[in-house]
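Undergrad: Okay, here's the structure, questions in a sec.
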Amino acid sequence: MITKPLQVGNVQLNNNVFLAPMAGYTDYPFRHVALKCGYGLAFTELVSAKGLIYGGRANEELVFCGHDIDKTAVQIFGSDPLSMRQACECELLKDFKIVDINMGCPVPKVFKNGDGSALLTDIHKAESVVKECVKSGKIITVKIRTGLKTGDDIATEYSKMAEEGGAKLITIHGRVRESYYSGEPDYNAIYKAKKSVSIPVIANGGIWTEQDADNMINNTGADGIMLARGGIADPFLVSKLTNTPNPCSLKEFIIEHTKQIEQYYAPRRAVLEFRKFISYYLKGLLGVKEAKLAIYSKEDFDRVREIINDIL
Ligand SMILES: Cc1cc2nc3c(=O)[nH]c(=O)nc-3n(C[C@H](O)[C@H](O)[C@H](O)COP(=O)(O)O)c2cc1C
């Protein structure tokens, strides 16, 4: 894949390979180590607009990004246009230039509230949300799916709506809500949407290898791609795609990640946060089952690191 710099609103990004928002994964420790591997931009996980307005430590933790602020966008969710705008304008987000609107979350709790992918059922409401957020002065981007049910394709009309509403970039996860995270992405839906707008379109879904990235770009003509689970399973996939030298070995990457987590969370929480990544990191390696069990039984990061040192 040939990567290139990308302009989003008045922000110039080094390249067009993004790290996806992933709840429970793309916290500061992971984004921080991942950004060193070459991403042009990384997203926080979805953060509740109302939560941001009312404040609280949990939100501070979700949006913290230290010196990575220039390469980090925050993603918010909600469906009340005014609250969404107020969230964009809140103190916690004052240093963020780019705010992304979640229109793809399939989770019932979010959907039932009319948020996330429920916005794909009401284009007028979705448009009001975009327009109101744009008034905040932030660079607004939108992340959608291709619809709710198999056979749906709302990507083109939503991309046009987002552009007309003032959004500066759209990310299309090429799957419908009912597919959650499985199945081939709908290349054609992304291709048609891309042709219909002049703002950059980022394609997402099922990119685990360089070949997948090539297929995505070749089949959709998108302006860039977003890695999600594939970016955790292979932290250096982005380095290969962007011709960035690997910043370190996989072992060093994982160890550094444990250190970042350790600094960020209280001890017990820290180990729990790290466990989520183990299956992704060690997939396919010999002796992994035993290592995983050993790691799961440890609450002490020094022991966890010893096990990682032994296996890699
Ligand atoms: C555990 C998990 C959490 C996710 N959380 C979010 C989120 O907070 N916001 C969002 O827009 N998408 C979220 N997604 C969707 C991803 O951003 C991405 O669109 C999806 O995983 C498809 O890409 P992939 O097939 O390469 O993994 C999440 C996906 C996973 C697996």
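The values are calculated or read from the model by the stated rules, or taken from the named source; none is laboratory data. These figures come from a predicted structure and were not determined experimentally. Cβ sites come from the backbone with ideal geometry, for glycine too, and all protein chains shown count toward neighbours.
Undergrad: Only one of 239, 249, 279 is within 25 Å of residue 18 (Cβ to Cβ) and touching a Gly at 6+ places or on another chain (Cβ under 9 Å); which?
TA: 239
Undergrad: Okay, next question. One residue is enough: does the range 240-254 have a residue meeting the conditions among the β-branched types (Val, Ile, Thr), more than 16 Å from the ligand (Cβ to nearest atom), buried (at least 19 other Cβ atoms within 10 Å of the Cβ) and more than 30 Å from residue 185 (Cβ to Cβ)?
TA: No, the range 240-254 has no match at all.
Undergrad: Another question, then. Which residue pairs have Cβ atoms under 8 Å apart, sit 6 or more places apart or on different chains, and have a first residue in the range 269-295 that is among the basic types (Lys, Arg) and a second that is buried (at least 17 other Cβ atoms within 10 Å of the Cβ) and outside any helix (DSSP H, G or I)?
TA: Pairs that qualify, where the first residue is among the basic types (Lys, Arg) and the partner is buried (at least 17 other Cβ atoms within 10 Å of the Cβ) and outside any helix (DSSP H, G or I), are 276/25.
Undergrad: Here is a list: 138, 97, 109, 143. Which entry is within 15 Å of the ligand (Cβ to nearest atom) and closer than 17 Å to residue 8 by Cα?
TA: Values: 138 fails: within 15 Å of the ligand (Cβ to nearest atom); 97 fails: within 15 Å of the ligand (Cβ to nearest atom); 109 fails: closer than 17 Å to residue 8 by Cα.
Testing whether each residue is within 15 Å of the ligand (Cβ to nearest atom) and closer than 17 Å to residue 8 by Cα leaves just 143.
Undergrad: Kindly evaluate residue 19 against the criterion of being away from the ligand (no atom under 14 Å from the Cβ) and either within 25 Å of residue 135 (Cβ to Cβ) or in the same structural domain as residue 205 (by TED's automatic domain parsing) (or both). Outline the logic, then answer.
TA: Values: away from the ligand (no atom under 14 Å from the Cβ): no; either within 25 Å of residue 135 (Cβ to Cβ) or in the same structural domain as residue 205 (by TED's automatic domain parsing) (or both): yes.
In short, no.
Undergrad: Okay, next question. Being in contact with a Phe, Trp or Tyr (Cβ under 6 Å, 6 or more places away or on another chain), hydroxyl-bearing (Ser, Thr, Tyr) and in the same structural domain as residue 297 (by TED's automatic domain parsing), is that true of even one residue in the range 253-260?
TA: First pass over the range 253-260, keeping only residues in contact with a Phe, Trp or Tyr (Cβ under 6 Å, 6 or more places away or on another chain): 254, 258.
Filter once more, so that each one left must be hydroxyl-bearing (Ser, Thr, Tyr): 258.
Going one step further and asking which of them are in the same structural domain as residue 297 (by TED's automatic domain parsing), we end up with 258.
There is at least one residue in the range 253-260 that is in contact with a Phe, Trp or Tyr (Cβ under 6 Å, 6 or more places away or on another chain), hydroxyl-bearing (Ser, Thr, Tyr) and in the same structural domain as residue 297 (by TED's automatic domain parsing).
Undergrad: Say whether the condition of being under 17 Å from residue 42 (Cβ atoms) and touching a residue at least 24 places away in the same chain (Cβ under 8 Å) is met by at least one residue in the range 121-135.
TA: Looking through the range 121-135, none of the residues is under 17 Å from residue 42 (Cβ atoms) and touching a residue at least 24 places away in the same chain (Cβ under 8 Å).
Undergrad: Give me the strands (runs of 3 or more DSSP E) completely within the range 3-122, filtered to those with at least 2 residues that are surrounded by 22 or more Cβ atoms within 10 Å (Cβ to Cβ) and in contact with a helix residue (DSSP H, G or I) (Cβ under 8 Å, 6 or more places away or on another chain), ordered by residue number.
TA: On the way: elements: 6-8, 11-13, 17-19, 41-48, 72-77, 98-103.
Per the criteria, 17-19, 41-48, 72-77, 98-103.
Undergrad: Filter the range 195-208 for residues that are away from the ligand (no atom under 11 Å from the Cβ), closer than 22 Å to residue 242 by Cα and surrounded by fewer than 23 Cβ atoms within 10 Å (Cβ to Cβ) and give the result. Don't jump to the end; show me each part of the working.
TA: To start, the set of residues in the range 195-208 that are away from the ligand (no atom under 11 Å from the Cβ) comprises 195-201.
Right, trim to closer than 22 Å to residue 242 by Cα and you get 199-201.
Correct list: 199, 200.
Undergrad: If the Cβ limit is 6 Å and pairs must be 6+ apart or interchain, which residue in the range 202-213 that is closer than 18 Å to residue 191 by Cβ pairs with which residue that is more than 10 Å from the ligand (Cβ to nearest atom)?
TA: From residues that are closer than 18 Å to residue 191 by Cβ, the pairs are 202/224; 203/190; 203/220; 203/222; 207/213; 213/1; 213/241.
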